[in-house]
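*Asks:* Have a look at the structure that comes next, please.
Laboratory data are not the source of any read-out in this text; all were calculated from the coordinates shown. Because the structure is predicted, anything quoted here is derived from the model rather than measured. Don't worry about glycine lacking a Cβ; one is built from the backbone with ideal geometry, like all the others, and counts go over all protein chains shown.
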């Protein structure tokens, strides 16, 4: 696919800390591909509802790539979503930034915010494809090492497709930024790095198969930081 | 403080997977105290906006305890929040749950969802207290080892107080739950545990102080999983 730059809309243009805005579409994809979960925001009865959920990505679907979400057909968030603009946020917390002043405490992070009216996926082939992308997003290769969903299971599951057209990326990295006049204060300043890591895969009690390569690879990828 | 059970409202009552609902207020506090960041949902121009942010907690403030949020006085989310119901979600992802069937793939997690109309904190003493709770939530003890915010910095910062009255907690733990007829399928099933861990604290380039005990303690608390 060709990648177009992120075109800020009124919603996605950053008002503050503009130096933290990324305008490169590749940065959006990197945040999406690195993440495992998102927070989905919908409006239900006039109030926001924010729920954590898994997601999948297909960068070759649609002009700007597509994010897939799924849920029970009965889930409030999934029922409400196709009739409205939703907001999907993916956040990586990379470090606690401890400044000499309370005011300049911060967090190193990468976050993506995507807006759009999602499309309810009804085509059975696309629905299966989307669900495979969601499973493979959590563990690459997993969709070919499981029993695929049957008709009954597909009927119980709603799938939403959200174009990656209207999105913004914001990141912060590096050390704390204190005021000039605070640099000699006797307070420690620095960063506590944060990482999401995987522990050793745990077999289900009723499963005595060896941990397969795709599971081992995923756990290693999320291994302890170097 | 006395703790009252979580009273489900129409918004917080779980519709599905009711066995995952916690009704014990202590479980809410545990999710809040374990977390470092939340996702704040507000409605701006009719659409949801979900942003990651830090938070602080004071369980002795108000009848059910209080969550504190802060942001620039110019931030869209903070400006919009005091006039409306907001949603604050805190999520811990504890593990990837890999079933023999695609359908039963899941995530072990603990999440809290809090609804309410926040109060803009204007009293200078409460504002300072709230900001200290936010800093101390990230690193316990930090607020006494920094230069406190001055008048100008306080004026640049908005603080919101949200009562922990209307909230729900949902958790999943344990192995995958496959269908009876899938138990003999030749697919590995189990859990990849996930942890957020801290790396070695990194001094700012212009700071040659030893890493102090409160920083060391925080990093150890988030140490590699046992």
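*Asks:* If residue A:220 meets every condition in (1) loosely packed, with under 14 Cβ neighbours inside 10 Å; (2) at the interface with chain B (Cβ under 7 Å from one of its Cβ atoms) apart from one, which number is that one?
*Replies:* (2) is the only condition that residue A:220 fails.
*Asks:* Which residues, counting only those in the stretch A:24-37, are within 21 Å of residue B:196 (Cα to Cα) and out of contact with any helix residue (DSSP H, G or I) (no Cβ under 7 Å at 6 or more places or on another chain)?
*Replies:* A:30, A:31, A:32, A:33, A:34, A:35, A:37
*Asks:* In addition: If you scan the stretch A:51-69, which residues turn out to be assigned to a loop (DSSP other than H, G, I, E, B) and on the phi < 0 side of the Ramachandran plot?
*Replies:* Correct list: A:55, A:59, A:60, A:61, A:63, A:64.
To keep it simple, each residue is scored yes or no on (1) within 12 Å of chain B (Cβ to nearest Cβ); (2) closer than 21 Å to residue B:169 by Cα; (3) touching a helix residue (DSSP H, G or I) at 6+ places or on another chain (Cβ under 8 Å).
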site	(1), (2), (3)
A:39	yes, yes, no
A:42	yes, yes, yes
A:48	yes, yes, no
A:57	no, no, yes
A:62	no, no, no
A:84	yes, no, no
A:89	yes, yes, no
A:93	yes, no, no
A:100	yes, no, yes
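*Asks:* In the stretch A:171-187, which residues are over 12 Å from residue A:105 (Cα atoms) and either at the interface with another protein chain (Cβ under 7 Å from one of its Cβ atoms) or free of Cβ contacts under 8 Å to residues at least 40 places away in the same chain (or both)?
*Replies:* A:180, A:181, A:182, A:183, A:184, A:185, A:186, A:187
*Asks:* For residue B:144, state whether it is over 17 Å from the mean Cα position of the chain (by Cα) and crowded, with 19+ Cβ neighbours inside 10 Å.
*Replies:* No: the conditions fail for residue B:144.
*Asks:* Collect the residues in the stretch B:126-161 that are closer than 18 Å to residue A:186 by Cβ, outside any helix (DSSP H, G or I) and in contact (Cβ under 8 Å) with a residue 24 or more places away in the chain, keeping them in residue-number order.
*Replies:* Result: B:139, B:141, B:145.
*Asks:* Right, something else. Scan the stretch A:169-197 residue by residue and report those that are within 26 Å of the chain's Cα centre (by Cα), surrounded by fewer than 21 Cβ atoms within 10 Å (Cβ to Cβ) and not in a loop (DSSP other than H, G, I, E, B).
*Replies:* A:171, A:172, A:193, A:195, A:196, A:197, listed by residue number.
*Asks:* Another question, then. Has the stretch A:200-217 got any residue that is facing another protein chain (nearest Cβ under 7 Å), part of a helix (DSSP H, G or I) and surrounded by 18 or more Cβ atoms within 10 Å (Cβ to Cβ)?
*Replies:* Checked against the condition, which is being facing another protein chain (nearest Cβ under 7 Å), part of a helix (DSSP H, G or I) and surrounded by 18 or more Cβ atoms within 10 Å (Cβ to Cβ), the stretch A:200-217 yields at least one hit.
*Asks:* Within the stretch B:102-112, how many residues turn out to be more than 7 Å from every other protein chain (Cβ to nearest Cβ), assigned to a strand (DSSP E or B) and out of contact with any helix residue (DSSP H, G or I) (no Cβ under 6 Å at 6 or more places or on another chain)?
*Replies:* Matching residues across the stretch B:102-112 total 2.
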